[in-house]
Amino acid sequence: MSLDTQVLVVGAGPAGIAAAATAATHGRQVLLLDDNLAPGGQIWREATTVQQEDPDDVRRKTLLALRVSGARIFSGWRVFDAPRNGSLRAINDSGPEIHTIDISYEQLVLATGARERFLPFPGWTLPGVFGAGGLEALARGGFSVTGKRIVVAGTGPLLLPVAAHLRQMGGRVTTVAEQASRGQLARFSTFLSRQPGKLIEGLQYRAASGGSKYRPGCWPLAALGTDKIEGVRLTDGQRRWEEPCELLGCGFHLVPNTELASLLGCATRENAIEVDDVQQTSVSNVFAAGEPTGIAGLESALLTGTMAGLAAAGKLEEAKALLPRRQKFERFAERLKTAFALRPELLSLAEPDTIVCRCEDVTFEALKGYEDWNDAKRQTRCGMGPCQGRVCGPATEALFGWRASSVRPPLYPVPLSAMGAGPSRSSLDE
Ligand SMILES: Cc1cc2nc3c(=O)[nH]c(=O)nc-3n(C[C@H](O)[C@H](O)[C@H](O)COP(=O)(O)OP(=O)(O)OC[C@H]3O[C@@H](n4cnc5c(N)ncnc54)[C@H](O)[C@@H]3O)c2cc1C
């Protein structure tokens, strides 16, 4: 199956929705494609329909704007290859049959979001240990947390909303362990006081997770248990103690999803896609918006999505007029990085037998002594499993300073038949 569109947007989180609605409103023929069952991305995961009574005004207005814009929406489709210039290939394997589609575009907007960063520590692969945002997403999807004793740990602004939402869904969140120190958090709060909206949001989440102990300067040493998690060993650098739990949600902030951008040859800097003043990447006619261009939260995703949508519709001056607002979010993103920078102690949690690459069962010990990511990959199969280095790549970067440099199609595991007969981009480039 193949299709043509003027503007193709990959990723239907807030950034992709804003880009698609904006470009379509400006008269472009737009196709918005996402691998989830409905538009919304990570933060609005459960928002399958536009509800007039939706208490979240921003979500309601954004989804309504998409609905009335005329953009076509392809949900359940995942882009895994770029077989030719100006064309992407996607798969839908959510039903009994597998479908693939090639979509040709004039302009492309990459709004592929971010994922959590995981750091290996003893026991982190036990059943019952999840990413913090991942646990929340599972719970929103129907996984019951009711009555379960939960510890949320790691770092970043996501921990408090996750704890608050898990409590709302009936979980007994006993502790939120944030590795950033009290001093770092105090400096971040001072900065936030210049953006009262964000400070109030943080305080609301803090209040909603009330009943849980919020511990700055505290991090997990080990998940305890044999067949499943039974507790977590925590430390504040002075003391160590164990807390019983049935679930541990643990994530160390977010990393941008840049694999598709890299496959297309877009330049990246500090693991984020580089964009100019109107969200154009280093590749002509390819724009990027939201978290793949830097971790800066919902409002930034909506703004940069709007800018990318305007630019893709040829409204460059209008897009550029929004640059000063974007710069405000860029300052916020820098502060986020400083406030939630990883403390060195986190990089020495893994024991020799701690798994680092969980797809291929590669231990910390097995990875020691290699020059770089490619060398380790060739010798140990680290990063060669189904996640294609999405989990162990950022972990080995933190632990060993390796950059996962090579990206090849397919970006996700797909059946051989889905690769098609046509040459893939990498073989054309060779
Ligand atoms: C697990 C997780 C949970 C989060 N929960 C919260 C929360 O509760 N509250 C909060 O304030 N912030 C949360 N965030 C942060 C939030 O995602 C951002 O602040 C912001 O909303 C990002 O918007 P976005 O459009 O850039 O990306 P996203 O919302 O991440 O949207 C990107 C979309 O692109 C899709 N996609 C990626 N690659 C492909 C591909 N190859 N083919 C097809 N589709 C693709 C993804 O599935 C996703 O739907 C969460 C982040 C993560 C990673």
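The values are calculated or read from the model by the stated rules, or taken from the named source; none is laboratory data. Only a predicted model underlies this, so the values are computations on that prediction, with no experimental measurement involved. Cβ: placed from backbone, ideal geometry, glycine included. Neighbour counts: every protein chain shown.
Tabulated results
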read-out	value
Enumeration of residues in the range 247-271 that are within 11 Å of the ligand (Cβ to nearest atom), under 21 Å from Leu411 (Cβ atoms) and not in a loop (DSSP other than H, G, I, E, B)	Leu254, Val255, Pro256, Glu259, Leu260, Ala261, Leu263
Filter result for the condition that a residue is under 21 Å from Gly113 (Cβ atoms) and in a helix (DSSP H, G or I), over Ala296, Ala301	Ala301
Hey, Ala23 crowded, with 24+ Cβ neighbours inside 10 Å and more than 14 Å from the ligand (Cβ to nearest atom) or not	yes
Evaluation of Ala319 against (1) within 25 Å of Thr155 (Cα to Cα); (2) crowded, with 21+ Cβ neighbours inside 10 Å; (3) out of contact with any Cys (no Cβ under 8 Å at 6 or more places or on another chain) (one fails), failing number	(1)
Gly134 being touching a residue at least 40 places away in the same chain (Cβ under 8 Å), within 10 Å of the ligand (Cβ to nearest atom) and not in a strand (DSSP E or B)	yes
Leading residue by the ranking (modelled with the lowest pLDDT) among those in the range 166-195 that are part of a helix (DSSP H, G or I) and of a type in the set (A, V, I, L, M, F, W, C)	Leu192
Residue match in the range 120-131 (condition: assigned to a helix (DSSP H, G or I), surrounded by fewer than 17 Cβ atoms within 10 Å (Cβ to Cβ) and not assigned by TED's automatic domain parsing to the domain that holds Gln6)	no
Subset of the range 140-158 that is within 13 Å of the ligand (Cβ to nearest atom) and hydrophobic (A, V, I, L, M, F, W, C) - its residue that is nearest to the chain's Cα centre (by Cα)	Leu158
Qualifying residue in the range 94-102 (condition: at pLDDT below 95, within 16 Å of the ligand (Cβ to nearest atom), in a loop (DSSP other than H, G, I, E, B) and surrounded by fewer than 21 Cβ atoms within 10 Å (Cβ to Cβ))	yes
Arg59 being within 11 Å of the ligand (Cβ to nearest atom), assigned to a loop (DSSP other than H, G, I, E, B) and among the basic types (Lys, Arg)	no
The range 359-383, subset modelled with pLDDT of 95 or more and small (Gly, Ala, Ser), residue surrounded by the fewest Cβ atoms within 10 Å (Cβ to Cβ)	Ala366
Residue in the range 384-405 that is part of a helix (DSSP H, G or I), in contact with a strand residue (DSSP E or B) (Cβ under 8 Å, 6 or more places away or on another chain) and exposed (fewer than 15 other Cβ atoms within 10 Å of the Cβ) present	no
Some residue of the range 251-271 being buried (at least 24 other Cβ atoms within 10 Å of the Cβ), under 18 Å from the mean Cα position of the chain (by Cα) and among the small types (Gly, Ala, Ser)	yes
Index of the failed condition, Gln168 passing every other in (1) within 24 Å of Leu33 (Cβ to Cβ); (2) surrounded by fewer than 20 Cβ atoms within 10 Å (Cβ to Cβ); (3) within 13 Å of the ligand (Cβ to nearest atom)	(1)
Output for the range 362-380, where each listed residue is among the charged types (D, E, K, R) and either within 14 Å of Ser406 (Cβ to Cβ) or in the same structural domain as Glu259 (by TED's automatic domain parsing) (or both)	Asp372, Asp375, Lys377, Arg378
Pair list, Cβ < 7 Å and 6+ apart or interchain, from the range 60-78 residues that are closer than 23 Å to Glu259 by Cβ and of a type in the set (S, T, N, Q) to residues that are within 14 Å of the ligand (Cβ to nearest atom) and assigned to a loop (DSSP other than H, G, I, E, B)	Ser75/Asn36; Ser75/Leu37; Ser75/Ala38; Ser75/Pro39
